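The structure appears right after this line, and notes come after that.
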Amino acid sequence: MRALVSLAVCGLLLTGCAVVRDPELFPANAMAQSMGPLSAHLIGHGGGNGTISLVLPSGEVLNGRYSINVGGAVGFGSLYGSVYGRGGYATGAAQGAAFSMPNSSPGVADMIGPKGTTAHCEFMNNNLGGHGNGVCRLSNGADYRMQY
C-alpha cells in the first residue's frame, strides 16, 4: 500500500521521483511494419523530464531526452493527430487534441543515434498513474504507436 501511495504522489507531483518505464512501440505505417515492433527505455528524473533510449533492429541506439508539459500543449499534436486523428486521418494543424484524457499532460521526446537517425515522439502522460500512449516518428518516416 505504501508503494502505491508513493507512486501516486510521484505521478501527481512529477518531481523528485526516479521512475523507469519500458515503452512498447507498435508499427503504425508500412515503413514501420517492415522494421517490426520496437522497445524503448525511459528514466524519469523528476520535474516532468528524463532520458529515453530506443534500439533499432539494425542495432543503432538512439538516445535523447523527454519532457512533459504539465498544464499546457504549446506546439503539441501534429504527429499525434496524424496517427490517432478522427477516422484514421489528421486534418491540418493540430494545436490541440480532439480527445480528452483527464489528469493527463502532453509530452515530447527527441532522440538521435550515432549514424544520424533521429526520432521525435509526442505522447499523453497520465499524471496520476504514470502511464501513457503516443506516437514516435523516425527520420526514415516510420511511425510507431507507443504505450507505457
So V70 and N29, fully extended at 0.36 nm per residue minus their Cα-Cα distance, gain in nm 11.8 nm
Take each of the peptides 125-132, 32-39, average the number of other beta-carbon atoms within 10 Å over its residues, and list them starting from the highest. 125-132, 32-39
Residues of region 110-148 with amide nitrogen under 17 Å from the 7 Å Cα-to-Cβ point of V55? 112-115
For region 23-35, in order, what is each residue's ³J(HN,Hα) by Karplus, 6.51 cos²θ - 1.76 cosθ + 1.60 with θ = phi - 60°, in whole Hz (x at glycine and Pro)? x, 9, 10, 10, x, 10, 8, 4, 4, 5, 4, 5, 8
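Read the figures in this text as sums done on the coordinates, not as results from a lab. Everything numeric here is computed off the predicted structure, so don't read it as measured data. Don't worry about glycine lacking a Cβ; one is built from the backbone with ideal geometry, like all the others, and counts go over all protein chains shown.
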